[in-house]
Amino acid sequence: MNASVIAHLVLILVVFTCLLLSAAAMVYMERKVAAALQQRYGPYLVGPKGLMQPFADVIKLMFKEELRPKASDALLFAIAPMLSAAAAFAAFAVVPFGAETTLFGLLREPIELGVADVNVALLVIFAVTSMGIYGIVLAGWSSNSKYSLLGALRSSAQMISYELSYGLAIAAIVMMAGSLSLRQVVDGQAGYWLHVIPRWNVFPQIVGFFIFMCAGVAETNRAPFDFPEAEQELVAGYHTEYSSMSFAMFFLAEYINMVTVSAVATDLYLGGWHGPFLPLSLGWLWFLAKAFVLLFFYVWMRWTLPRYRYDQLMAFGWKFLLPLAVVNLLVTAGVVVYLG
Amino acid sequence: MAMDVYLFYLLGAVAIAASVLVVGQRNPMYSVLLLIVSFMALAGLYVLLNAPFLAVTQIIIYGGAIMVLFLFVVMLLNVPREDPARLFGGSGTRRFGVALAVALAIELTWALRRLGAIGLRGELPDVSSVRLIGRVLFTDYRFAFEATSVLILVALVGAIVMARKES
């Protein structure tokens, strides 16, 4: 095995571990930010500033009893959370997060930061996300509980509805970049307009960015679109009957999906690893910073906005967001054709 | 090269096994899921054929959209488990079905044997270019493409009209 293969394997391992840790970090951030917004302390006992709290949570979940409803379908009940988590991890495989780097001269040949560079990366993300729906649907069905089934129906209907706007927002970007490869989309955003404004897609595609973020929040089933988990109506939605590690896997999937959506948004709209002050080889720091801002926004929104009603959500998705996305796509197509 | 061949046989075996099991399942839920597995294996085969765009589209449209619809129908209608079927006997339609299936199998074997004689020669065309596919769709096949989109629209409107309650 040559060095570049080993470097790649190490990179895959690092990305996987970082995703796991990012879920833990998100749990911590969620609890701390929620506490700050509600003028509480949040977790502060486990470790310095409560930093070890997510790990304590994981240990607690691991030692809990795994319960399965008697009338449930054993096989599908076991597979569903794995499917959710696997799809969440798999989607990140095609997300690039940095330019070519030798890691401070550690490697002789530079490697590109990103697990796989696929020329249809955007579609792959789309495909893998749509696989994640199966985890939710199967969890709902196999639990053999009305709350689970209704929660699963709602969340899958929601995901399918918002996937359309999501796809149309991405299509506008694809038209501008002329490529389905995320790396090429990012590299098209290098440089500045008038020497000051970065050439990020968010400026010409501000409407697209709005649509993408709305749909992204709905896709990840987060507040204010977290109907699958509307406690008052559905107890805990599709994961009502889950406990212990299989429950944890659904949460892991949710947080990793958030990280993926933020990372993809960074690549598509915020110029990825391009930014001032830092050399391109350290661009991944910019990437992390931008993704962090988006993730913070996610948490901030959850604890600020109340939940929509289910019919409002569907009306918003189909009657407002989708037409807006279509208009955005048409305008973008017109401009791209006009400018040649 | 050898790797490609192994992957081809592996994916082909998965696709065939899953497809056979789809028919063999008593529980319709499992049938739907096995069909998804079969579609995935097909997508893998497309990748091997140097057509990643086709593979991903296969997963998005068949594996994602259409099968979710199937799953919904099975889930909501709560389709009961099927009774064990006997291969021969039963009603007349079933016998007719068996006869048709055998005829199809013979036909397929014949077609494949012929194909074996011709063989697949030459380099595989690179059909991964989305630009190329788009161009072909909107020029050479524009009539079929537009006609299909109108047909789908008609079906959509029809479904809504039929589902609407008379007020």
Check: residue A:182: more than 12 Å from chain B (Cβ to nearest Cβ) and at positive phi, yes or no?
Finding: no
Next item on the list: Report the residue count in the stretch A:258-280 for those that are at positive phi and among the aromatic types (Phe, Trp, Tyr).
Entry: 1
Next item on the list: Would you check which residues across the stretch A:160-177 are in contact with a Pro (Cβ under 9 Å, 6 or more places away or on another chain) and under 30 Å from residue A:243 (Cβ atoms) and list them?
Entry: none
Note to self: Can you find, within the stretch A:43-62, the residue that is surrounded by the fewest Cβ atoms within 10 Å (Cβ to Cβ) among those that are touching a residue at least 12 places away in the same chain (Cβ under 8 Å) and in a loop (DSSP other than H, G, I, E, B)?
What the structure shows: A:51
Note to self: Quick check on residue B:45: is it farther than 30 Å from residue A:144 by Cβ and either at pLDDT 85 or above or in contact with a Phe, Trp or Tyr (Cβ under 6 Å, 6 or more places away or on another chain) (or both)?
What the structure shows: yes
Check: Of the residues A:125, A:79, A:136, which single one is outside any loop (DSSP other than H, G, I, E, B), surrounded by fewer than 24 Cβ atoms within 10 Å (Cβ to Cβ) and of a type in the set (Val, Ile, Thr)?
Finding: A:79
Next item on the list: List the helices (runs of 4 or more DSSP H) that sit entirely inside the stretch A:140-257 and contain at least 1 residues that are polar (S, T, N, Q) and surrounded by fewer than 24 Cβ atoms within 10 Å (Cβ to Cβ).
Entry: A:146-177, A:182-187, A:231-234
Item checked: Filter pass, residue B:63 being within 23 Å of residue A:87 (Cα to Cα), surrounded by 14 or more Cβ atoms within 10 Å (Cβ to Cβ) and modelled with pLDDT under 85 -> yes
Checklist line | Checking residue B:5 against (1) surrounded by 18 or more Cβ atoms within 10 Å (Cβ to Cβ); (2) farther than 27 Å from residue A:153 by Cα; (3) without any contact (Cβ under 8 Å) to a residue 24 or more places away in the chain, the condition it does not meet | finding: (1)
Next item on the list: State whether one or more residues within the stretch A:132-146 are within 23 Å of residue A:307 (Cα to Cα), of a type in the set (Val, Ile, Thr), within 14 Å of chain B (Cβ to nearest Cβ) and out of contact with any helix residue (DSSP H, G or I) (no Cβ under 6 Å at 6 or more places or on another chain).
Entry: no
Item checked: First in the stretch B:41-70 and more than 9 Å from chain A (Cβ to nearest Cβ) and assigned to a helix (DSSP H, G or I), second anywhere and crowded, with 20+ Cβ neighbours inside 10 Å and among the small types (Gly, Ala, Ser), Cβ under 6 Å, 6 or more apart -> B:46/B:55; B:47/B:55
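The values are calculated or read from the model by the stated rules, or taken from the named source; none is laboratory data. From a predicted model like this one, the values you see are computed outputs, not experimental measurements. Neighbour counts are summed over all protein chains in view; Cβ atoms, including those assigned to glycine, are modelled from backbone coordinates with ideal geometry.
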